[in-house]
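Let me begin by presenting the structure, written as structure tokens, before commenting on it.
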Amino acid sequence: MIKEQIQDGLWRQNAGLVQLLGLCPTLAVTVNITNGFALGVATIFVMMLSNISISPIRNYVPESARVPIFILVIAGLVTIVDLSINALSKPLYDALGIFIPLIVTNCIVLARVEAFASKNSTLPSLYDGFFMGLGLTFVLIILGAVREIVGNGTLFQNLHFLIGEKYQFLTIQLFDSSDGFLLAALPPGAFIALSALIVFLNLVNQKK
Amino acid sequence: MAIIDSPAIKERSTVSIVMFTVILALLPSLFLQIGFFGYQILGNLFIGIGFALFLEAICLRLRNYPIRPFVLDGSAFVAAWLLIVSVPANIPIWTLLIGIFFSIVVAKHAYGGIGSNPFNPAMIGYAVLLISFPKIMTNWPVSEGFEVSNFIQFFEFFSFLNTNEVYDAVVSATPLDQIKTLLFLGEEVNILPISFSTLAPYQMIALLYFLGGLFLVYKKVITWHLPLSLILSIYFFSSLLYFYDQSTYMSPMFHLLNGATFLAAFFIITDPVSSPTTLKGKVIFGILIGLITVIIRNYGGYPDGIAFAVIFMNICVPLIEKFTQPKVFGYE
């Protein structure tokens, strides 16, 4: 059972590349790895928690009122994550900005609750939330890495916001950031990089 | 009895003949550009166009199209040429190749190749370079007048490859850019320290674009609707501003002779693929590009707005065509 969730989440139904859900944060925050990773982890948390909160109550939720109820639960969980990130790392919170509260409106969270948690029992729902979120996180990290290297010439910039000031040395400067290919750091670069990833995924799927 | 063509067939007009005429019309201005700014642009043309044709062939091969007819139709050739004459001649070659890549692979073939590209390939390449490398793209070589030696240096360049530093790296912004900066700093137009010798090269090249464009109209490669509406539109809107306040806005003639006005009017917006096909639509297209250009030039962050105006209006072409479709005879 869990094998299926792993395959779906990471490859077959990948949230970012196949379902194309949650594109708004995917495109907006992935200017570097740190942002992509942090938002991905936040999304994993929200998805796991929302899936295991919804799954037990799925039989008591009236069909006609399910979306407001789901959203209310998700919103509560996102608020927890939002306040936690604010408490743990203020610079990262500022960098991610509006996109943490916006996880509420992220289609992928509602989509998994609606498509999976409201039809399956708690444990598979937990797996589904985790691996769907993990799949999205991978996409966010790859996009962040590509855009950071090409656009800014750095790797792991701002990582110290996440794990502490003393890890500032982790930032790798590959070339002077004024020589960077600015387009990659701008929104069109996100679209182009994402489409390149989708092309890659389709190529691999075709080969199979 | 003499065998004659049916009267509808007047002249063989294929894509490659059209493109060849366009190149012919561009040649005089290229001559001036070499004279004023050095022969580097020739190297750019050789490498850039070679790379463009190479990418074109690869894309055609990947898309299972016959390579020979499409590479030889000259559309990639002209797109690369237009991109190269719009960027500074002293641009690093790798930057230029990135621009070529975006114009051929992304703007043209990713959208379905010749005939299907909604955006002007040369302008996409230009816009990508301008927003990605603003420092490189706004530094033009300084002209020290028309120098025949530039041509001689070109041949020396080929005979003694890399033996001497052939080009001094004196660069400056284009007049349009300089004036914009000065006006932004609060200077008044009538005391601007822009000398005639700075302006002259750009304006003479622009005039040759104008003459080349007239040649294209004469040869019926393009119709007069697009160029005339763009030129009149830029003239009209910039004179509105000029009459409003002569100390902070440049004269309409300045706007016509500087920047890419004539190049765009005759060679860029007339791209048959990405411009409207209806006559009314062409006029609307030209006027709106002129309006957006004047707005960007006077109030925007970039020195010349034509590239962005063209790209923006390219998206509007389906809409323009929808509303300007001529009525079919016999229908209500």
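The values are calculated or read from the model by the stated rules, or taken from the named source; none is laboratory data. Please read all numbers here as calculations on a predicted model, not as lab measurements. Quick reminder, even Gly has a Cβ in these numbers, built from the backbone with ideal geometry, and neighbours come from all protein chains shown.
The table that follows gives values for the structure above.
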| read-out | value |
| --- | --- |
| Residue satisfying condition, being part of a loop (DSSP other than H, G, I, E, B), among the β-branched types (Val, Ile, Thr), within 23 Å of A:Gly135 (Cβ to Cβ) and modelled with pLDDT under 90, within set A:Val31, A:Val61 | A:Val31 |
| Among residues of the stretch B:71-98, those that are more than 21 Å from B:Asn139 (Cβ to Cβ) and among the hydroxyl-bearing types (Ser, Thr, Tyr), counted | 1 |
| Selection from the stretch A:159-208 of residues that are in contact (Cβ under 8 Å) with a residue 12 or more places away in the chain and of a type in the set (Ser, Thr, Tyr) | A:Thr171, A:Ser177 |
| Residue match in the stretch B:122-142 (condition: away from every other protein chain (no Cβ under 14 Å) and of a type in the set (Val, Ile, Thr)) | yes |
| Filter result for the condition that a residue is touching a strand residue (DSSP E or B) at 6+ places or on another chain (Cβ under 9 Å), modelled with pLDDT of 80 or more and part of a helix (DSSP H, G or I), over B:Phe36, B:Phe20, B:Phe46, B:Phe31 | B:Phe36 |
| Contacts under 8 angstrom Cβ, first residue in the stretch B:39-57 being closer than 12 Å to B:Ser103 by Cα, partner hydroxyl-bearing (Ser, Thr, Tyr), 6 or more apart | B:Ala52/B:Ser103 |
| Contacts under 6 angstrom Cβ, first residue in the stretch B:281-304 being closer than 18 Å to B:Gln325 by Cα, partner surrounded by fewer than 20 Cβ atoms within 10 Å (Cβ to Cβ) and among the charged types (D, E, K, R), 6 or more apart | B:Gly281/B:Glu321 |
| Among (1) outside any helix (DSSP H, G or I); (2) over 14 Å from the mean Cα position of the chain (by Cα); (3) modelled with pLDDT under 85, the one test that B:Gly259 misses | (2) |
| Output for the stretch B:212-229, where each listed residue is closer than 17 Å to B:Pro276 by Cα, of a type in the set (Ser, Thr, Tyr) and at pLDDT 90 or above | B:Ser229 |
| Helices (runs of 4 or more DSSP H) lying entirely in the stretch A:98-208 (those with 3 or more residues that are within 14 Å of chain B (Cβ to nearest Cβ)) | A:122-152, A:182-185, A:187-207 |
| Test: residue in the stretch B:225-232 that is over 22 Å from B:Ile205 (Cβ atoms) and in contact with a helix residue (DSSP H, G or I) (Cβ under 9 Å, 6 or more places away or on another chain) | yes |
| Selected residue (criterion: nearest to the other protein chains (Cβ to nearest Cβ)) from residues of the stretch B:86-110 that are part of a loop (DSSP other than H, G, I, E, B) and in contact with a Pro (Cβ under 6 Å, 6 or more places away or on another chain) | B:Asn90 |
| Single unsatisfied condition, B:Phe133 versus (1) farther than 30 Å from B:Arg63 by Cα; (2) at pLDDT below 85 | (2) |
| Verdict on B:Val217 being over 14 Å from the mean Cα position of the chain (by Cα) and either assigned to a helix (DSSP H, G or I) or farther than 21 Å from B:Pro318 by Cα (or both) | yes |
| Any pair with Cβ under 8 angstrom, 6 or more apart, that starts in the stretch A:15-39 at a residue that is at positive phi and ends at one that is of a type in the set (A, V, I, L, M) and not in a loop (DSSP other than H, G, I, E, B) | A:Gly22/A:Ile108; A:Gly22/A:Val109; A:Gly22/A:Leu136 |
| Exclusive hit being more than 23 Å from A:Ile192 (Cβ to Cβ), without any contact (Cβ under 8 Å) to a residue 40 or more places away in the chain and buried (at least 16 other Cβ atoms within 10 Å of the Cβ), set A:Ser118, A:Ser53, A:Ser64 | A:Ser53 |
| Residue in the stretch A:11-22 that is part of a helix (DSSP H, G or I), surrounded by fewer than 24 Cβ atoms within 10 Å (Cβ to Cβ) and of a type in the set (A, V, I, L, M) present | no |
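For every residue, the table says whether it meets (1) crowded, with 21+ Cβ neighbours inside 10 Å; (2) closer than 28 Å to B:Pro118 by Cβ; (3) not hydrophobic (A, V, I, L, M, F, W, C).
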{"residue": "B:Met253", "(1), (2), (3)": "no, no, no"}
{"residue": "B:Thr261", "(1), (2), (3)": "yes, yes, yes"}
{"residue": "B:Ile268", "(1), (2), (3)": "yes, yes, no"}
{"residue": "B:Val273", "(1), (2), (3)": "no, yes, no"}
{"residue": "B:Gly281", "(1), (2), (3)": "yes, yes, yes"}
{"residue": "B:Phe285", "(1), (2), (3)": "yes, yes, no"}
{"residue": "B:Ala307", "(1), (2), (3)": "yes, yes, no"}
